[in-house]
1. Looking at segment B:480-501, is at least one residue in contact with a strand residue (DSSP E or B) (Cβ under 9 Å, 6 or more places away or on another chain), closer than 27 Å to B:Thr173 by Cβ and buried (at least 19 other Cβ atoms within 10 Å of the Cβ)?
2. For segment B:97-105, does any single residue satisfy the condition of being out of contact with any Lys or Arg (no Cβ under 7 Å at 6 or more places or on another chain), modelled with pLDDT under 95 and among the small types (Gly, Ala, Ser)?
3. Just wondering, is there one or more residues in segment A:147-166 that are within 25 Å of A:Leu58 (Cβ to Cβ) and basic (Lys, Arg)?
4. Here are some residues: B:Ala495, B:Ala508. Which one is outside any loop (DSSP other than H, G, I, E, B) and among the aliphatic types (A, V, I, L, M)?
5. Out of the residues in segment A:238-263 meeting the condition of being out of contact with any Cys (no Cβ under 8 Å at 6 or more places or on another chain) and not in a helix (DSSP H, G or I), tell me which one is most open to solvent (accessible area, probe 1.4 Å).
6. Does B:His228 satisfy the condition of being open to solvent by 70 Å² or more (accessible area, probe 1.4 Å) and either in contact (Cβ under 8 Å) with a residue 12 or more places away in the chain or not in a strand (DSSP E or B) (or both)?
7. Answer yes or no: is there a residue in segment A:281-295 that is acidic (Asp, Glu) and more than 14 Å from chain B (Cβ to nearest Cβ).
8. I'd like to verify a number: residues in segment A:40-67 that are open to solvent by less than 30 Å² (accessible area, probe 1.4 Å) and either more than 10 Å from every other protein chain (Cβ to nearest Cβ) or assigned to a helix (DSSP H, G or I) (or both), how many?
Amino acid sequence: MQDQARLAELRQKFGREPAAPSEPTAERTPREAQPRFRGLESGHRACQGCGEALAARLVMESAGPDVMVANATGCLEVFTTPWPQSAWRVPWIHSLFENSAAVASGMEAAMKAKGQNTKVLAFGGDGGTYDIGFQALSGMLERYHNILYVCYDNEAYMNTGIQRSSSTPHAATTTTSPAGKERMGKRHLKKDLLSIIAAHHIPYAASASVAYPQDLQRKVRYAMGIDGPTFLVVHSPCPLGWRHASALTIEVARKAVECGLFPLVELERGAVTNIMPIRQVRPVTDYLKLQGRFAHLTRDGDPRAQEERDHLQALADYNINVFGLAGDGDDPVDTSGITTVGRGGPLAGRPQ
Amino acid sequence: MTVLTRGAYAAPGTSLDFKTGNWRSTEKPVHIHAKAPCHAACPAGEDQQAWFAKLQEGHVEEAWRELVSANPLPAATGRVCPHPCETACNRKDVDGALAIHNVERWLGDEAIANGWAYPVEPPADDAPTVAIIGAGPGGLSAAYHCLRQGLKAEIFEALPEAGGLLRSGIPRTRLPREPLNAEIDRLLALPGITLHLQTRLGRDVSLAELKASHAAVLLAPGCQESKHWDVGGAVPSDLHEGLSLLREFMDHGQFPEAHNVVVHGGGNTAVDLCRLMKRAGSEHVTLITASGLPGPDTDPDDLINVVPRELDEALEEGIEIIDHATVNRLIMKGSKVTGVEVVSLKKEPSASGRKRRVSFEGTERVMEADMVIPCIGERVDPDGLNHLLDGSYFWPDSPFGKLEDGVYAIGDARGDRGTVAGAIGDGAKAVEAAAAHIAGRPQPTLDTRAEMASTGLNPVYYALSPRAEPPKVPPEARTFTTEIEGDIGRTAALAEAQRCLSCGNCLACDNCWTLCPDNAVIKTQELASDGSHYLFDLDYCKGCGLCAHECPTGYIQMVPETA
């Protein structure tokens, strides 16, 4: 009886209706009848228009159901698992910010010891991958674990309130790299993580974007088929941190690719094996002007803004040159071709 | 004392127990089937988007059935219609409007060749009968829609053949007799339609008799009488009026001899006549019109009312067109014309807001001419209809053509129409109103859905592809009998269908389903009663608006939460 009282008190404190988990119903609801694997379910607490939630959902659809996930600290961990609920429908472990690759390595070793084939995924944000969890990731790649590591790159520490990370693009404003009299946002450049990953000579490393879900899911499926370490970085806009309308998540991500600032490339054993050609290269200002974090760059009459715009344009042009991103005629899987839809779904992959 | 671990006071659960739907603050996504602009612009009331959707799925016969649910004469309209649908098409600013007109014609021809059955049932034996005056496109459409409404139709036609203006006023080079006859014969053979030829209103039947003997009377007499034309009181003794000249030519194959012809007017009849006279041997044929030619700055109100293709072909064939001008004076030798004085003119807004014609002093010039043909339009033959006419036409107040209880006007005779498609659309609307009247139901209302503008679409998801062009007989090889524009063909027609943007209607492209970060779009074919394949699970939708922004067709829109 005393327990019951304490129970009621605690429930009151944590502010939630004392509801039992929903009972499985006899008939299949439309949600249960979806023709895809729902690895990351509704009811998670991501913000409106969250690019990371979308990216994780897309990855889980293509990777699941026979997978386990090790998740670093970050938005994804926080918004999917507010105790006592979980949005994950696969085994899922969170330990610390810096060790998801190490935890995943242990899970993989355990699976091996048990003689099971369940694939292990490791998830982290750009903070947990580019900065804090970097050495664990490098070790995981070097030890050649059979793990797909997915980095959801939203280009700052969004979970703690938009602090700069080594993935934050040059000149973006964050709470720790504010634009103002002294500086035009972040002074340093975005870390070229993919090249560092490629230097491990792993079987497969690629970048993808939520704006191109078919391409993203193809890359996940390809990585799932590889017995060895694979790495995927997914560009995932954050409406809150990038300061754009929640409806524009896909448009912003698409323009990042189309201007060349976020190149979609695939590397095997360290060599570039594929890129997504850009059919119509657009100026970086098309991308910048959608976002509040670059608002100081679009002010007229400020020579510093002009210089930083030109700098970002030069960085985009560099990517386009280095990876050869400019399209050579229409291609069904270039940035325009792959988005094309017809009645009944995307056209890419249909017989012509 | 019992120590409670955290796990003791809540069982692990799924996040599905947490309804994020209450995060929506202002707007929620809904499916809104807005009118495609082609549909909104179609005088015949076709929903082109709907039948293109069937073609995109590869169902050709179903597409034709969808098409003839509004317009029973697609092989005819697919040849003669000025296709305002294409002018309205949202694709026109991207890479050219869809060739809707050519695909419609192809579907009509396919139906004739394959003998596809019209989607109508024979009416019951005791079904009420509707009397229809005139077997032109409006009357035929009305008879067909009577069957669709479960009524019988009895048509009274003054001429010895059905077809009206389609037969008497449109040259074979535009509308050959074979498809026209085939389509009309098919329609008239439907059980429930009776046709009385050579039965003239006012001579063989009277309106009062028909009103007494039939459940409703639909008036589609067309415009048969030439309007009076003179220039400052002068009329040449050998005046030939446009439409009657055209009719004579279609009957006998001959024009009166003339070297310098001036045609005064600005419609399809005027252009048809110009081209036929030129082909018949007149050296110079000039069209003088008060309207403007199509151009980037042309005001739609000022644009010449001619099928754009026909205008291009006329210019190709060497017809001279003087736009924004009128015939100011006839220069006569005795009572024969030897020339005309032309003056520039424009329709200018007046203080009252209505357009008035202003001719400009100092722009007069004299042209040699041995024949002047007025093509300024026709009026309703008033025989038997006098009390219903308001001047030359009926001018009904209602879009359904209601003149008085159970009497409806259709087509050109209304006064505010002027196309075959308009007459066909009137037929459908008048029958809808008449059927409601007969059954004692409330009168029908117009479809007031909003139209989907091109700004409501997301162009990223559409591939560019050029418009298909049908084959054409070159100007030097054109005759009086061979159709000038050719068949687009099955391959091109089906490819053209793939270009349809599906404005305002679901493409089933899966974008919303794929891109929802909250898994709040549910895919289901059976349960989505709104015609799409998707449901919004508003228990979880946070209202981010991503699906609406990424919907290619504008079918998903964000509306205020309270709506």
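The values are calculated or read from the model by the stated rules, or taken from the named source; none is laboratory data. The shown structure was predicted, so the numbers you read here are calculated from the model rather than taken from an experiment. Cβ: placed from backbone, ideal geometry, glycine included. Neighbour counts: every protein chain shown. For accessibility, only protein heavy atoms count, side chains too; no ligands or nucleic acids. Shrake-Rupley method; radii C 1.70, N 1.55, O 1.52, S 1.80 Å.
1. The initial filter retains those residues of segment B:480-501 that are in contact with a strand residue (DSSP E or B) (Cβ under 9 Å, 6 or more places away or on another chain), namely B:484-486, B:498.
Narrowing the set further to residues that are closer than 27 Å to B:Thr173 by Cβ leaves B:484-486.
Add one more test, that the residue is buried (at least 19 other Cβ atoms within 10 Å of the Cβ), and what stays is B:484-485.
Scanning segment B:480-501, I find at least one residue that is in contact with a strand residue (DSSP E or B) (Cβ under 9 Å, 6 or more places away or on another chain), closer than 27 Å to B:Thr173 by Cβ and buried (at least 19 other Cβ atoms within 10 Å of the Cβ), so the answer is yes.
2. no
3. Taking every residue of segment A:147-166 in turn, none turns out to be within 25 Å of A:Leu58 (Cβ to Cβ) and basic (Lys, Arg).
4. Details: B:Ala508 fails: outside any loop (DSSP other than H, G, I, E, B).
Result of the check over B:Ala495, B:Ala508: B:Ala495.
5. First, pick out the residues of segment A:238-263 that are out of contact with any Cys (no Cβ under 8 Å at 6 or more places or on another chain): A:241-245, A:248, A:250-263.
With not in a helix (DSSP H, G or I) added as a condition, the list becomes A:244-245, A:260-263.
Details: A:His244: 17, A:Ala245: 57, A:Gly260: 0, A:Leu261: 41, A:Phe262: 14, A:Pro263: 23 Å².
Residue satisfying both the conditions and the ranking: A:Ala245.
6. Values: open to solvent by 70 Å² or more (accessible area, probe 1.4 Å): yes; either in contact (Cβ under 8 Å) with a residue 12 or more places away in the chain or not in a strand (DSSP E or B) (or both): yes.
Yes; evaluated as a whole, the condition is true for this residue.
7. Step one: of segment A:281-295, the residues acidic (Asp, Glu) are A:286.
Filter again for more than 14 Å from chain B (Cβ to nearest Cβ), leaving none.
Within segment A:281-295, none of the residues are acidic (Asp, Glu) and more than 14 Å from chain B (Cβ to nearest Cβ).
8. Just the residues of segment A:40-67 that are open to solvent by less than 30 Å² (accessible area, probe 1.4 Å), to begin with: A:40-44, A:46, A:49-60, A:62-64, A:67.
From what is left, the residues that are either more than 10 Å from every other protein chain (Cβ to nearest Cβ) or assigned to a helix (DSSP H, G or I) (or both) are A:51-60, A:62-64, A:67.
Result for segment A:40-67: 14.
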